[in-house]
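Worksheet: the structure to be examined is printed underneath.
The values are calculated or read from the model by the stated rules, or taken from the named source; none is laboratory data. Everything quoted here is computed from the prediction, not taken from an experiment. In this analysis, Cβ positions are derived from the backbone assuming ideal geometry, glycine residues included, and neighbour counts consider all displayed protein chains.
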Amino acid sequence: MKRLLCFLFISLLLSGCATTSKYPGTIGKTDIRKLVILGEHISQETAQQYANTFNARVFYSPSRGAIADSISNSLRGTIGPSSAMRHLIAELESMNNTSGHWELIVPKIGKRYFLVTLRNMEDKAVVNSAGEVYLPESPPNNQIDNEVKRVFGNSWHTKYQNP
């Protein structure tokens, strides 16, 4: 009985760690070609600030509380990507076979999240599209360059701007 209650408690905490859309993978079907990637546990005010700064759609998942966020972070290595990360992967994959030039903007607060997301994606998952990944607050990073080439192919480039 104790185990069941403990399991139910942890399940309830984990189920609220990240929100996703009912219809993941829809960005490829829109005219929006500019996306800011912030990651998880981001406030709505921060997301709005980035949306206004870059005039772009923002991908983020709000915080669900300190306990749920810490459990989500600690279990990510053992149970795989969170539902929000799986949603981002679906959104990125929906860019495949689209026309137009995409721009993914990854500020410093989303850099690690973006790198982990790319590592959870299949090789050449988005090779039939073109665009660039812009990291405005970061120095050049070979890991991100290599992952972008692996996932997006040669028609995508990374662009950096040191602070």
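Pairs only if they're at least six apart or on different chains, beta carbon under 7 angstrom, first in the range 112-129 and within 13 Å of Gly153 (Cβ to Cβ), second hydrophobic (A, V, I, L, M, F, W, C) and assigned to a loop (DSSP other than H, G, I, E, B); list them, first residue then second.
Val126/Met95; Ser129/Met95
Pairs under 7 Å by beta carbon, first residue of a type outside the set (S, T, N, Q) and buried (at least 16 other Cβ atoms within 10 Å of the Cβ) in the range 70-90, partner in a helix (DSSP H, G or I) and modelled with pLDDT under 65, six or more apart or different chains?
These pairs meet every condition: Ile71/Leu13; Ile71/Leu14.
Pro81: within 25 Å of Val127 (Cβ to Cβ) and either modelled with pLDDT under 70 or not polar (S, T, N, Q) (or both), yes or no? First the steps, then the outcome.
Details: within 25 Å of Val127 (Cβ to Cβ): yes; either modelled with pLDDT under 70 or not polar (S, T, N, Q) (or both): yes.
Taking the combined requirement at face value, the residue satisfies it.
Which strands (runs of 3 or more DSSP E) does the range 87-163 wholly contain that include 1 or more residues that are in contact with a Lys or Arg (Cβ under 9 Å, 6 or more places away or on another chain), among the aliphatic types (A, V, I, L, M) and modelled with pLDDT of 95 or more? Lay out the reasoning, then the answer.
On the way: elements: 101-105, 130-135, 156-160.
Here the list reads 101-105, 130-135.
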